[in-house]
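As structure tokens, the structure follows; a few thoughts come after it.
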Amino acid sequence: MKGFTAVLGREVRLALRHPGDALAAVLFFILVCALFPFGIGPEPQTLARIAPGALLAAALLAALLPLDRLFGAEAEDGSLDQLLLSGLPPALLATAKAAGHWVVTGLPLLAATPVAAAMLNLPVEAWGAAMAALGLATAILSLFGTAGAALTLGARRGGVLLPLLVLPLSIPAVIFGAAAIEAAAGGMEARPYLLLLGALLALAAPLAPLAAGAALRGD
Amino acid sequence: MLEGRDLACWRGERAVFAGLSFTLPPGGALLLVGANGAGKSSLLRLLAGLVPLAEGELLWQGQDALADRVAHAARLRYLSHQDALKPSLSARENLSFFARLWGGDTEAALDSVGLSDLAELPARVLSSGQKRRLALARLALAPAPLWLLDEPTVGLDAASVDRLGVLLAKHRAAGGAVMAATHLPLPLPGAQELRL
């Protein structure tokens, strides 16, 4: 546990030294959401109709941005060897990196959700559900993304390969996340969909780090 | 303590080295010498468990060393070509991360490589020799029985090589073993040579 918090603390500290990286993901998220009104037209009903799906898709794409540097930067300066020899089991190391990615990228996206939701004319009643759905969906993406980043580490054009690997895995998160927001916007209960997202997270939390750990060790 | 039997390393179809055997007793030191590309760094990565063993056996006190790679990692310190420093963190922050993992006193370790006065500076402004010293400071944090050092003295001035000599002597006096790849003379009295 000591090693886990040490790695997580290091991720957060490094992110605070380079706030631009997290800011870039947040701006990307807001800009993608801002493109929809331009493309679809500013009619409020149409925007509100597509808002749940657009929010989910934009947030997941934004969270993907820093992923290819998750292990790439560590491998380049030799830190990855030291992390693998730190005495931490590789799966626990991957869990710490995934948690770090969520804290550094997912949380700022959550903070920007009300802005994006307002631009897409999402009813205010659904903002709470949108935050919850995005929080869970980005956590799922952080986990699958960590596995993808470990698998594509060292691959030529790994930055292109990574979304091709990770985005199909996050389709269920988009389905249940958008359904939760839609239900809340329609005055219904979002809870069942959020629970399904939670179940997905519970599935990804042990499996994705195991895959990432195996990929990092090269077996 | 550490024994290799018939180790081999392949790069694609080409054998870098094969049939390599050695024993490293407690307190012992083994110098890896050989031309560029002879496989010195590859051997060290192999011994650290960072690349899978293709052929041969690696034994730690008579047992398969790599059966439990997490336990193997915990008994060694590996110093690679790269210093593994984060440029935006200060010297102290870089080192205290490893102190949190392994235990040990960050300030004493910084002092042992003569970097106490520069502890607050971000690693990116350190010179290459100072970065190397900061990487070496990891060795001084907490004891581990096996040190694997890849060109430890590259970029170091004479005073820093002497400081490394003190660290090495202390490590060996406590029963630790050292394996070092180098082209430069190292302060390792009585070291055996392993030619690749």
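The values are calculated or read from the model by the stated rules, or taken from the named source; none is laboratory data. Since we're looking at a predicted model, the values are computed, not measured. Backbone-built Cβ (ideal geometry, glycine too); neighbour counts: all protein chains shown.
Quick grid of which residues meet (1) small (G, A, S); (2) farther than 29 Å from A:G218 by Cβ:
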residue	(1), (2)
A:A6	yes, no
A:G20	yes, yes
A:I40	no, yes
A:K97	no, no
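The set of residues in the range A:82-93 being within 7 Å of chain B (Cβ to nearest Cβ), more than 20 Å from B:R124 (Cβ to Cβ) and either of a type outside the set (G, A, S) or in contact with a strand residue (DSSP E or B) (Cβ under 9 Å, 6 or more places away or on another chain) (or both) consists of A:L84, A:L85, A:P89.
Determine whether the range B:172-188 contains at least one residue that is over 18 Å from B:E93 (Cβ atoms), out of contact with any Gly (no Cβ under 6 Å at 6 or more places or on another chain), within 14 Å of chain A (Cβ to nearest Cβ) and of a type in the set (A, V, I, L, M). No: the range B:172-188 contains no residue that is over 18 Å from B:E93 (Cβ atoms), out of contact with any Gly (no Cβ under 6 Å at 6 or more places or on another chain), within 14 Å of chain A (Cβ to nearest Cβ) and of a type in the set (A, V, I, L, M).
Taken over the range A:48-63, the criterion of being buried (at least 22 other Cβ atoms within 10 Å of the Cβ) and of a type outside the set (G, A, S) is satisfied by A:P52, A:L55, A:L56, A:L60. Evaluation of B:W147 against the conditions (1) surrounded by 21 or more Cβ atoms within 10 Å (Cβ to Cβ); (2) in a helix (DSSP H, G or I) shows that the sole unmet condition is (2). Of all the criteria given as (1) over 21 Å from A:G159 (Cα atoms); (2) assigned to a helix (DSSP H, G or I); (3) of a type in the set (G, A, S), the one not satisfied by A:G87 is (2). Under the condition of being under 24 Å from A:P90 (Cα atoms) and of a type in the set (A, V, I, L, M, F, W, C), the residues counted in the range A:165-189 number 4. Scanning the range B:93-121 for residues that are within 12 Å of another protein chain (Cβ to nearest Cβ) and not acidic (D, E) yields B:N94, B:L95, B:S96, B:F97, B:F98, B:A99, B:R100, B:L101, B:W102, B:G103. Applying the condition of being outside any helix (DSSP H, G or I) and more than 8 Å from chain A (Cβ to nearest Cβ) to the range B:64-76 and asking which residue is nearest to A:G20 (Cα to Cα) yields B:R75. Taking the range A:150-219 and the helices (runs of 4 or more DSSP H) fully enclosed by it, the elements with 1 or more residues that are among the β-branched types (V, I, T) and surrounded by fewer than 18 Cβ atoms within 10 Å (Cβ to Cβ) are at A:158-169, A:171-185. Just need a number here: residues in the range B:81-99 that are in contact (Cβ under 8 Å) with a residue 40 or more places away in the chain and part of a helix (DSSP H, G or I). Adding up the residues that qualify gives 5.
Of the residues making up the range A:168-186, those that are hydrophobic (A, V, I, L, M, F, W, C), in contact (Cβ under 8 Å) with a residue 24 or more places away in the chain and within 14 Å of A:A58 (Cα to Cα) number 3. For the residues A:A73, A:A51, A:A57, the requirement of being of a type outside the set (D, E) and closer than 30 Å to B:N94 by Cβ singles out A:A73. Would you say B:G114 is in contact with a strand residue (DSSP E or B) (Cβ under 9 Å, 6 or more places away or on another chain) and not charged (D, E, K, R)? For B:G114, the condition - in contact with a strand residue (DSSP E or B) (Cβ under 9 Å, 6 or more places away or on another chain) and not charged (D, E, K, R) - is not met. Looking at (1) at the interface with chain A (Cβ under 7 Å from one of its Cβ atoms); (2) at pLDDT below 95; (3) in a strand (DSSP E or B), which is the only condition B:L59 fails? Only one criterion is unmet by B:L59, namely (1).
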